Structure formats: C-alpha cells, structure tokens
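Below is one structure, written out as structure tokens; the observations come after it.
The values are calculated or read from the model by the stated rules, or taken from the named source; none is laboratory data. Predicted model, so just to flag it, every value in this text is computed and none were measured. Ideal geometry is used to build each Cβ from the backbone, glycine not excepted, and the neighbour counts take in all protein chains shown.
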Amino acid sequence: MQIHPVRLSPGDDVRLAVEAILSRCAMRAGFVIQGIGSLSVAQLRFAGAESPTALHGDLEILTLAGSVSPDGAHLHMSVADAHGQVSGGHVARGCIVRTTAELLLALLPEHRFSRELDAATGYAELHIRHEPR
C-alpha cells in the first residue's frame with residue numbers, strides 16, 4: 001500500500017482530481033481514507049435520488065471517503081453549511097474547492113478495482129482482484 005497526502009486548490013473539482021491522481025500514478029485501485037476542507041459548491045446525490053442536488057455557499061467538508069478505480073470514483077461526503085446544517089451523500093462531479101481540500105489516499109499496487117453489474121443489486125458494484133506484481 002502506498003499512502004499519499006494530497007492538497008487540492010481553490011477551483012478544483014474533488015471527484016475529477018481524485019480520479020486524475022489514480023490515473024497519473026498508473027494505479028488500478030485506491031481508497032480515499034479521509035478528506036477535510038471547504039467547498040463553494042457540493043454536488044451530492046442523496047440516498048434513493050436519481051440525480052445530485054447542488055448545495056451552494058461556504059461549506060466545510062466533515063468527511064470524505066470512498067474507493068477509486070479506472071472506472072471512476074465512488075465517494076461519499078458529509079458537509080456542513082454556515083449554520084452548521086449537515087448534508088451527506090454520494091459525491092458527483094462539480095464539488096468545487098473553496099479554499100483547500102486535504103485528502104489522504106491509499107493506493108493499492110497489487111490490486112485492480114473495477115465496477116461490474118451485480119445481478120443481486122442491479123448496480124455496478126466494486127469488483128476486487130488481487131494481482132501481485
């Protein structure tokens with residue numbers, strides 16, 4: 001396992017940045033272990049919803065975690081607004097960093113993650129392969 005601390009800058013899209021890091025490192029499997037920071041926009045898909053909801057304003061990232069594969073990222077986040085109201089859900093593209101986002105990534109060089117249709121759930125679920133180098 002390779003651990004990588006990452007700082008994202010104002011204007012970065014959180015999901016796109018995480019996916020790009022995996023690609024740049026030529027890795028096929030990773031996890032965002034934790035993330036904190038601030039957003040100006042959060043695009044979160046709430047449980048059972050078909051599409052994301054945009055939250056605007058000064059938002060603090062309380063938690064950020066998930067898996068990353070060449071197929072993309074599966075991330076969940078909770079954010080608090082300026083009044084302390086907390087919202088959480090699935091991270092969509094368009095979560096824009098306001099001042100900073102600090103992430104801890106674990107890259108797994110001996111594994112390959114992919115998303116494959118699971119007949120039991122009807123969704124593309126994480127498939128894990130161990131591929132020693």
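For segment 57-85, filtered to residues that are in a strand (DSSP E or B) and in contact with a Phe, Trp or Tyr (Cβ under 8 Å, 6 or more places away or on another chain), the residue that is farthest from His111 (Cα to Cα) is Ala65. Looking at Leu55, Leu39, Leu44, just one residue is buried (at least 21 other Cβ atoms within 10 Å of the Cβ), of a type outside the set (Val, Ile, Thr), over 15 Å from Phe113 (Cα atoms) and over 13 Å from the mean Cα position of the chain (by Cα), and that residue is Leu39.
Residue by residue, here is whether (1) out of contact with any strand residue (DSSP E or B) (no Cβ under 9 Å at 6 or more places or on another chain); (2) among the small types (Gly, Ala, Ser) holds:
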{"residue": "Arg24", "(1), (2)": "yes, no"}
{"residue": "Met27", "(1), (2)": "no, no"}
{"residue": "Ile36", "(1), (2)": "no, no"}
{"residue": "Val41", "(1), (2)": "no, no"}
{"residue": "Ser51", "(1), (2)": "no, yes"}
{"residue": "Leu59", "(1), (2)": "no, no"}
{"residue": "Gly66", "(1), (2)": "no, yes"}
{"residue": "Pro70", "(1), (2)": "no, no"}
{"residue": "Ala80", "(1), (2)": "no, yes"}
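Among the conditions (1) surrounded by fewer than 16 Cβ atoms within 10 Å (Cβ to Cβ); (2) at pLDDT 95 or above, Val91 misses just one, which is (1). Gly88 falls short on exactly one of the conditions (1) outside any strand (DSSP E or B); (2) on the phi < 0 side of the Ramachandran plot, and that condition is (1).
Remark: pairs (first residue in segment 36-53, without any contact (Cβ under 8 Å) to a residue 60 or more places away in the chain; second residue surrounded by 11 or more Cβ atoms within 10 Å (Cβ to Cβ) and among the polar types (S, T, N, Q); Cβ separation under 7 Å; 6+ apart in sequence or on different chains) = Leu44/Thr53; Leu44/Ser87; Phe46/Thr53; Pro52/Gln43. Residues in segment 18-35 that are touching a residue at least 60 places away in the same chain (Cβ under 8 Å) and either of a type in the set (Val, Ile, Thr) or buried (at least 17 other Cβ atoms within 10 Å of the Cβ) (or both): 11 in all. Considering only residues of segment 98-133 that are part of a strand (DSSP E or B), touching a Gly at 6+ places or on another chain (Cβ under 8 Å) and of a type in the set (A, V, I, L, M, F, W, C), which is surrounded by the fewest Cβ atoms within 10 Å (Cβ to Cβ)? Here the residue is Ala106.
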